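Asker: There's a structure below that I have some questions on.
The values are calculated or read from the model by the stated rules, or taken from the named source; none is laboratory data. From a predicted model like this one, the values you see are computed outputs, not experimental measurements. Reconstructed Cβ throughout: ideal geometry from the backbone, glycine too, with neighbour counts over all protein chains shown. Each accessible area value is taken on the protein alone, full model and side chains, heavy atoms only, with ligands, DNA and RNA left out. Shrake-Rupley method; radii C 1.70, N 1.55, O 1.52, S 1.80 Å.
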Amino acid sequence: MPETPEKTSRQDWVGGRRARYDALGRVRGVVGHVGDQPVGTCAHVAVHRSTQPHAAIRAVHTEEALAIDGVYAVVTGADLHKRFGEALLTGPAFADQPALAYDKVRFVGEPVAAVLAADLATAREAADAVYVEYDELDPVYDLDTALNGESYVHDELRPSAVFGDLRHLDGVRDTNINYEYRLRHGNPNKVSGARTVRGEFWAPPTHHVPIELPCTVAWVEGGRLEMLTTTQTPSYVRQTIADLLDLPLSRVRVTTRPLGGSFGAKMYDRLEPLAAALAWQFQRKVRLAASREEAFLLTTRHGAAITSTLTADAGGQLSAATADVAYDTGAYADVGPRITAKSGMVAPGPYRIGSVDVRSRCVYTNKPSAGPFRGFGVPQVTWSHESLIDELAHELGEDPYAFRREHLLREGDLAPMGTRMHSADFVGCLDAVAESISWDTQPDRGTGRIRRGRGVAVGVKAVLTPTIANAVLQLNQDASATLMISTVDMGQGSDTIMAQIVADVLRVDSRRVHVVRADTDVTPYDTITAGSRSTYHTGNAVRAVAESMRVRLLALAAEQPEQPEQHGQPERSGVDTGELDEERIAEIVHAHFGARGATLTTEANFTSSWSPYDKETGRSEKVTEHWFAGAVGVRLAVDTATGRVHLEHLAVAGDVGRAINPALVEQQLTGAAIMGIGHALFDQLVLDQGQLVNGTLLDYQLPSIRDLPDELTPIIVESPHDDGPFGAKGVGETGILAVAPAIGNAIRDAIGLRFTRLPMTPEAIVTALESR
């Protein structure tokens, strides 16, 4: 249902709590997603998947599948490799993942053959009829086996053209470690401390579980490959398909619809390479849609093992921190090397620490591939450093809140990775959640089987840097506008806030600013919609394009002759145009063109920059364009008989620079916190000898409405960024970073037990209590 225009007010501009333009449509289920679109006559695609975790493919038998009525074709990985060669291998970090396996399989569930049929049921029946002969290879089930190096998932490393900094790894053999990041500052081994705490932490792989399932439709029209797909990265997908099919970019078009959630599940290479290859091979429209069970196999969050220490000297100052981090990236690297570095550099936490030593590695195993997930690997290391500093405070007899507050980084401080802090108000966030949960008031500790506790935690993350954003603005003669950007609205409200930015600059009604959904034929290049980068990067491009339009309007107004007195109105000079409004804009454009319906167009670019890591120390004077700073405070009760955790109050704070739309910021903080509750208490993918055991919504446990806190308080902290659009930064990931350790710290406060493995299930809590 469209919004009803009302009189323009600041509620429509920056700082206003305008509702998302599509709020009613999403709630009522009338927003059309990719899978809802009619596609007409097409070939429906189903895939046959590997039953082995690691095996050479001896033969693929397709005869029975081809004999089924309604089957158009059955294609194997060998068929596609013969047609497309090494271009069949895609990936943002390493060109290591084929659309269909052709030499060997590397995880249970990997696509081996594709069936094209008249309908989906027939395609799935035929896919089940495919039979594959394998020669089994030694599987790599876990990080320990992978690091021992007795068997290798890949014969050699093949860096892709996307991440140029990985070229030096080309051809490296006999390793399951595809990337290693080191951070060194000072010498932790020479620090004599009054107290050191140690821990071995584990954060398991989890799944994104967006409501909308992945779906891709591809066809050939006029010698061009056209695609409608569920992707956060249309510009990347366009380049990947152009490389795969050896086409110029002008002959590839990628379009999207509003996404029904993603959280990283719809980035980079998912269904698109296979759909494009099949459409091009057979010159017909194909539709490839993942079932819920298949979606579990497409990508996961990285499981991470962290062995870490934190030391305080005799004066209580943090003198040293170490961390050895291993990310399980599964069979294919995806964006794992970036996650490894971006999270490894914040593994010591947002604290002033004298010396640090971090090793962060990205490791292949024979599991479903891991990729980007809300938080980009940082929640895993936050689980470690926030548990350690909490335990150190307890051992020193300090208040965990006050101890953190004393050592947090402040504005202008040099962080361990070598970059100064700006617009990262950790203290403000921590103070806000502590006040919200009444930290100064001692909790009712409970009686009988119920025990109560409280906990806090702080998180820090860097925005993806460097990246590129572009914007094109078309202003209509009636003072409405069309904004063209390739940022994908996944429910986060990006289209709404971008319209508010344009409206604020031009002083028009933001509901009269239409944002065109991503279409590579129309909308300009954008690196990615991920990592909470859009508010800052795209927002800067959008503000610049609107400012450019404002300058152009004022210049046109200044060129226009003075208007004679009419109907008793005094004459008006075109030079007096300091303030714009809808009426004045309409007059200016109409006077310039002498016609109704005319348009003016401007364009703008915003590109962020960084300083690459020092090869020896891993430090950088500018490792990121901006920081995310957040904190979480929790009060909870633990039933010591059942192990159930009841959240009584959870407060989550995020420094957003400046809130473009406070209502949407609060929604992002709340949604991220709820997802973090799942990771703390419920979420985990369980694999047994490479086989996913709980890959359905019947078996994969998520938090329900009954698991939410009695009180959930989102808190906006504003520390404006000098270079942000109106001082703003992103917020989509801030709220998830510190949830799990805050809950873990509160459980420790309640029952005196420190948990180091997620999730903290009732079974784990009861077992720990019994062991004690």
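Asker: Looking at 229, 255 in this structure, which one is touching a Cys at 6+ places or on another chain (Cβ under 8 Å) and either open to solvent by 40 Å² or more (accessible area, probe 1.4 Å) or in contact (Cβ under 8 Å) with a residue 40 or more places away in the chain (or both)?
Answerer: Just a single option satisfies the conditions, and that option is 229.
Asker: May I ask you to list pairs of residues, at least six apart or on different chains, whose Cβ atoms are under 7 Å apart, with the first in the stretch 384-404 being closer than 24 Å to residue 203 by Cβ and the second being open to solvent by 10 Å² or more (accessible area, probe 1.4 Å) and at pLDDT below 95?
Answerer: 392/195; 395/195
Asker: Which of (1) in the same structural domain as residue 480 (by TED's automatic domain parsing); (2) surrounded by fewer than 14 Cβ atoms within 10 Å (Cβ to Cβ); (3) at pLDDT 90 or above; (4) charged (D, E, K, R) does residue 571 not meet, given it meets every other one?
Answerer: (3)
Asker: Condition first: hydrophobic (A, V, I, L, M, F, W, C) and under 29 Å from residue 338 (Cβ atoms). Now tell me which residues in the stretch 111-164 satisfy that.
Answerer: 112, 137, 140, 143, 146, 147, 153, 157, 161, 162, 163
Asker: What are the residues in the stretch 481-499 that are open to solvent by 20 Å² or more (accessible area, probe 1.4 Å) and among the polar types (S, T, N, Q), if any?
Answerer: Within the stretch 481-499, 482, 492 meet the criteria.
To keep it simple, each residue is scored yes or no on (1) over 30 Å from residue 41 (Cα atoms); (2) touching a Pro at 6+ places or on another chain (Cβ under 6 Å); (3) of a type in the set (S, T, N, Q).
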{"position": "291", "(1), (2), (3)": "no, no, yes"}
{"position": "314", "(1), (2), (3)": "yes, no, no"}
{"position": "319", "(1), (2), (3)": "yes, no, yes"}
{"position": "326", "(1), (2), (3)": "yes, no, no"}
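Asker: Given the residues 660, 674, which is the only one that is in a loop (DSSP other than H, G, I, E, B), β-branched (Val, Ile, Thr) and either in contact with a Pro (Cβ under 9 Å, 6 or more places away or on another chain) or surrounded by fewer than 21 Cβ atoms within 10 Å (Cβ to Cβ) (or both)?
Answerer: 660
Asker: Then there's this: May I ask you to verify whether residue 442 is among the polar types (S, T, N, Q) and free of Cβ contacts under 8 Å to residues at least 60 places away in the same chain?
Answerer: Yes, satisfied.
Asker: Of the conditions (1) touching a residue at least 60 places away in the same chain (Cβ under 8 Å); (2) part of a helix (DSSP H, G or I), residue 552 satisfies every one except a single condition; which number is it?
Answerer: Unmet condition: (1).
Asker: Another one. Show the residue pairs that are 6+ apart or on different chains and have beta-carbon atoms under 9 Å apart, the first residue being within the stretch 709-727 and of a type in the set (S, T, N, Q), the second being outside any loop (DSSP other than H, G, I, E, B) and modelled with pLDDT under 95.
Answerer: none
Asker: Return the residues of the stretch 716-730 that are in contact with a helix residue (DSSP H, G or I) (Cβ under 6 Å, 6 or more places away or on another chain) and either surrounded by fewer than 21 Cβ atoms within 10 Å (Cβ to Cβ) or under 21 Å from residue 369 (Cβ atoms) (or both); say none if nothing qualifies.
Answerer: 716, 720
Asker: Report yes if residue 162 is open to solvent by 50 Å² or more (accessible area, probe 1.4 Å) and of a type in the set (Val, Ile, Thr), otherwise no.
Answerer: yes
Asker: Let me ask you something else. Which ones in the stretch 633-657 are in contact with a His (Cβ under 9 Å, 6 or more places away or on another chain), under 29 Å from residue 18 (Cα atoms) and assigned to a strand (DSSP E or B)?
Answerer: 633, the sole residue that qualifies.
Asker: A follow-up question, please. Inside the stretch 519-547, can you point out the residues that are open to solvent by less than 10 Å² (accessible area, probe 1.4 Å), of a type in the set (D, E, K, R) and in contact with a strand residue (DSSP E or B) (Cβ under 6 Å, 6 or more places away or on another chain)?
Answerer: Answer for the stretch 519-547, where residues must be open to solvent by less than 10 Å² (accessible area, probe 1.4 Å), of a type in the set (D, E, K, R) and in contact with a strand residue (DSSP E or B) (Cβ under 6 Å, 6 or more places away or on another chain): just 526.
Asker: Just to be sure, is residue 483 outside the structural domain of residue 629 (by TED's automatic domain parsing) and not in a loop (DSSP other than H, G, I, E, B)?
Answerer: So residue 483 fits the description; yes.
Asker: I'd like to check which strands (runs of 3 or more DSSP E) are fully inside the stretch 271-376 and have at least 1 residues that are over 30 Å from residue 38 (Cβ atoms) and open to solvent by 10 Å² or more (accessible area, probe 1.4 Å).
Answerer: The strands (runs of 3 or more DSSP E) meeting that bar are 303-312, 318-330, 355-364.
Asker: Would you check if residue 738 is touching an Asp or Glu at 6+ places or on another chain (Cβ under 7 Å) and either open to solvent by less than 30 Å² (accessible area, probe 1.4 Å) or under 24 Å from residue 389 (Cβ atoms) (or both)?
Answerer: Yes: the conditions hold for residue 738.
Asker: Assuming residue 668 fulfils every condition listed in (1) in a loop (DSSP other than H, G, I, E, B); (2) of a type in the set (S, T, N, Q); (3) crowded, with 21+ Cβ neighbours inside 10 Å apart from one, which condition is it?
Answerer: Every condition holds for residue 668 apart from (1).
Asker: Select, from 458, 502, 472, 463, the only residue that is open to solvent by less than 20 Å² (accessible area, probe 1.4 Å) and more than 23 Å from the chain's Cα centre (by Cα).
Answerer: Of 458, 502, 472, 463, the one residue that is open to solvent by less than 20 Å² (accessible area, probe 1.4 Å) and more than 23 Å from the chain's Cα centre (by Cα) is 502.
Asker: Inside the stretch 724-755, can you point out the residues that are part of a loop (DSSP other than H, G, I, E, B) and closer than 19 Å to residue 665 by Cβ?
Answerer: Scanning the stretch 724-755 gives 724, 728, 729, 730, 731, 732, 733, 737, 738.
Asker: Right, residue 640: more than 21 Å from residue 724 (Cβ to Cβ), in contact (Cβ under 8 Å) with a residue 24 or more places away in the chain, surrounded by fewer than 15 Cβ atoms within 10 Å (Cβ to Cβ) and of a type in the set (Val, Ile, Thr) or not?
Answerer: No; evaluated as a whole, the condition is false for this residue.
Asker: Let me ask you something else. On the given criteria, is residue 705 of a type outside the set (Gly, Ala, Ser) and buried (at least 16 other Cβ atoms within 10 Å of the Cβ)?
Answerer: No; evaluated as a whole, the condition is false for this residue.
Asker: Another question, then. Hey, any hits in the stretch 197-213 for a residue that's open to solvent by 40 Å² or more (accessible area, probe 1.4 Å) and farther than 30 Å from residue 759 by Cβ?
Answerer: For the stretch 197-213, residues open to solvent by 40 Å² or more (accessible area, probe 1.4 Å) and farther than 30 Å from residue 759 by Cβ: absent.
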